[in-house]
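**Q** Encoded as structure tokens, here's the structure I'll be asking about.
Every read-out reported here was derived from the displayed coordinates using simple, explicitly stated rules and does not represent laboratory data. Just so it is clear, the structure is predicted and the values come from calculations on it, not from any experiment. FYI the Cβ positions are ideal-geometry reconstructions off the backbone, even for glycines, and counts take in every protein chain you see.
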Amino acid sequence: MMNGLKNDYILVSNENQINDFINLNDNTLTILKAMEPQSIKHFPHSKFSLELCDNLGWATETKLLLNVHVDEDMFFNGMLDHFNDIYKEIKPIIEDIENNVVLFPKINGRDFDKFCH
């Protein structure tokens, strides 16, 4: 079901679970397709992964995380600006629908608890 995506994503969650989530949420693939070129533009040397998360601490519904794998320098020096630029670009797509895809940083070599189960 991830047809149309150009990136070779690392799947953190089970592929069938991700496909089921995309099938049940019509807007998910639309949002991913909109985020993908922006993510690659802002993080051209990063790997990306997909992960289902049912408790982010600020959202109770399940979200699909588009994880951006970066080093500590990128994380602490401007990553948030890039995230804001990406969301600005896709705002017309997500402004009228429930956004169930979240850009999420993953720092290479560090493990942060995201409250995911």
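**Q** Quick one: order K88, K47 by neighbouring beta-carbon count within 10 Å, fewest to most.
**A** Ordered from fewest to most neighbouring Cβ atoms within 10 Å, K88, K47 come out as K88, K47.
**Q** Could you calculate the contour length gain from V12 to R110, that is, 0.36 nm times the residue separation minus the distance between their Cα atoms, to one decimal place in nm?
**A** 33.7 nm
**Q** Return T28, T62 ranked ascending by Cβ neighbour count within 10 Å, so the fewest neighbours appear first.
**A** Ranking T28, T62 by Cβ neighbours within 10 Å, fewest first, gives T62, T28.
**Q** Can you quote the Å³ per residue value for the convex hull of the Cα atoms in the chain, rounded to an integer?
**A** Hull volume normalised by residue count: 107 Å³.
**Q** Follow-up question, since we're still on this one. Rounded to the nearest 5, what % of the DSSP beta bridges within the chain are antiparallel ones?
**A** In the chain, DSSP labels about 45 percent of beta bridges as antiparallel.
**Q** Note down the nm distance, to one decimal, between modelled labels 7 Å out along Cα→Cβ at D26 and at L5.
**A** Going by the 7 Å Cα→Cβ label model, 2.1 nm.
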